[in-house]
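Visitor: Once you've had a glance at the structure underneath, I'll fire off some questions.
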Amino acid sequence: MTTTASVVAFDQVSKAYDAVRAVDGLTLALRPGETVALLGPNGAGKSTTLDLLLGLKKPDSGTVRLFGTSPRDAIVAGRVGAMLQSGGLMDEVTVAELVRLACDLHPKPYRPSEVLSRAGIEQIADRKVNKLSGGQAQRVRFALATAGDSDLIVLDEPTTGMDVTTRQAFWATMREQADQGRTVLFATHYLEEADAVADRVLVLHRGRLLADGTAAEIKAKAGARRISFDLADTVDEAALRGLPFLTSLTVSGPTVRIQSTDADATVHALYGLGVYPRNLEVAGLGLEQAFVAITTAEEAKSK
């Protein structure tokens, strides 16, 4: 691995808490200008990975490098902006005062008015921080993360508490950041955001990198397709469960939804049962279904 050419480079990084291995031999590299989504179920190691990246924790083994140097050196140089989900905000100060402080501390600061405008918080600039709603607090955290000209922006569950309109505006701003050559890394539970925004998706499971690719490649890796149809007669669920290449089956009234690793063979066998599906649809998995399929398969292998 060539760490000097990478924005972020993990090389065989491991971190354990007593008997729990939160990060297990993680190796990955992020490149300039990428927007990368970090996905994984609870306990997958996402938060620990971000803590290691930001130098908040040290690995038990392996190395973490940012721009070819240590996380601490990169952060001191102002090359990293971070928005942590649970990051505390100073009480009894106004939003404008807090943003001004962040700009004063950054080696390459933007004007406070520019930061307030980009984050969409001009109208609450005079409000005390401890009087903010959850979504407003998230936008203030974003403002602090982008108070200066950083090359890497790290976001942990950035849109938690934001309404739909605010979330859309937020991601429009982040796309502008990436278009300017910055690398954006975000952890999220909103898989539709990862599908719509990220040009690269990393799936963590038990501290290991399970999948790495575009959203389309992650969907293809799941190796399954969705089949949905309606039945006019009573649904014989037992017979349907005998269809070949079936990985999941759900029945809701007359509507049947199936996941299959060979949709053609499954549909052929469906007609062989003597049933006549209406409104038959065959489609690839969405990112959420692919994520569940990949992690479920990994869980089954570990048992």
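Visitor: Tell me, which helices (runs of 4 or more DSSP H) wholly within the stretch 42-112 include 2 or more residues that are closer than 30 Å to Leu210 by Cα and in contact (Cβ under 8 Å) with a residue 40 or more places away in the chain?
Guide: 46-53
Visitor: Also, I was wondering about something else. Scan Ala211, Ala232, Ala198, Ala220 and give me the residue that is of a type in the set (A, V, I, L, M), open to solvent by 70 Å² or more (accessible area, probe 1.4 Å) and within 29 Å of Ala172 (Cα to Cα).
Guide: After applying the criteria, what remains is Ala220.
Okay, residues lined up against (1) over 30 Å from Leu270 (Cα atoms); (2) touching a Lys or Arg at 6+ places or on another chain (Cβ under 8 Å):
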site: Asp199; (1), (2): yes, no
site: Gly207; (1), (2): yes, yes
site: Asp212; (1), (2): yes, yes
site: Glu217; (1), (2): no, no
site: Ala220; (1), (2): no, no
site: Ala238; (1), (2): no, no
site: Gly242; (1), (2): no, no
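Visitor: Something else: Just name the residue that is nearest to Asp195 (Cα to Cα) out of those in the stretch 1-59 that are open to solvent by less than 30 Å² (accessible area, probe 1.4 Å) and among the polar types (S, T, N, Q).
Guide: If we take residues in the stretch 1-59 being open to solvent by less than 30 Å² (accessible area, probe 1.4 Å) and among the polar types (S, T, N, Q), then Thr35 is nearest to Asp195 (Cα to Cα).
Visitor: The conditions are (1) more than 31 Å from the chain's Cα centre (by Cα); (2) outside any helix (DSSP H, G or I); (3) at pLDDT 85 or above, and Leu240 fails exactly one of them. Which is it?
Guide: So Leu240 meets the others, but not (2).
Visitor: Which residue, of Gln180, Gln138, Gln168, is among the polar types (S, T, N, Q) and surrounded by 22 or more Cβ atoms within 10 Å (Cβ to Cβ)?
Guide: Just one listed residue meets the conditions, Gln138.
Visitor: In this structure, is His189 under 30 Å from Lys15 (Cα atoms), open to solvent by 70 Å² or more (accessible area, probe 1.4 Å), out of contact with any Phe, Trp or Tyr (no Cβ under 6 Å at 6 or more places or on another chain) and not basic (Lys, Arg)?
Guide: So His189 fits the description; yes.
Visitor: Here are the criteria: (1) over 17 Å from the mean Cα position of the chain (by Cα); (2) among the acidic types (Asp, Glu); (3) more than 19 Å from Met83 (Cα to Cα). Tell me which single one Asp195 does not satisfy.
Guide: (1)
Visitor: Between Arg175, Arg206, Arg226, which is in contact (Cβ under 8 Å) with a residue 24 or more places away in the chain, on the phi > 0 side of the Ramachandran plot, open to solvent by 60 Å² or more (accessible area, probe 1.4 Å) and of a type in the set (D, E, K, R)?
Guide: The match here is Arg206.
The values are calculated or read from the model by the stated rules, or taken from the named source; none is laboratory data. Computed from a predicted model, the values in this text were never measured in an experiment. Note that we place each Cβ from the backbone using ideal geometry, even for glycine, and neighbour counts take in every protein chain shown. Ligands, DNA and RNA are stripped out before the accessible areas are found, and what is left, the full protein with its side chains, is counted by its heavy atoms. Shrake-Rupley method; radii C 1.70, N 1.55, O 1.52, S 1.80 Å.
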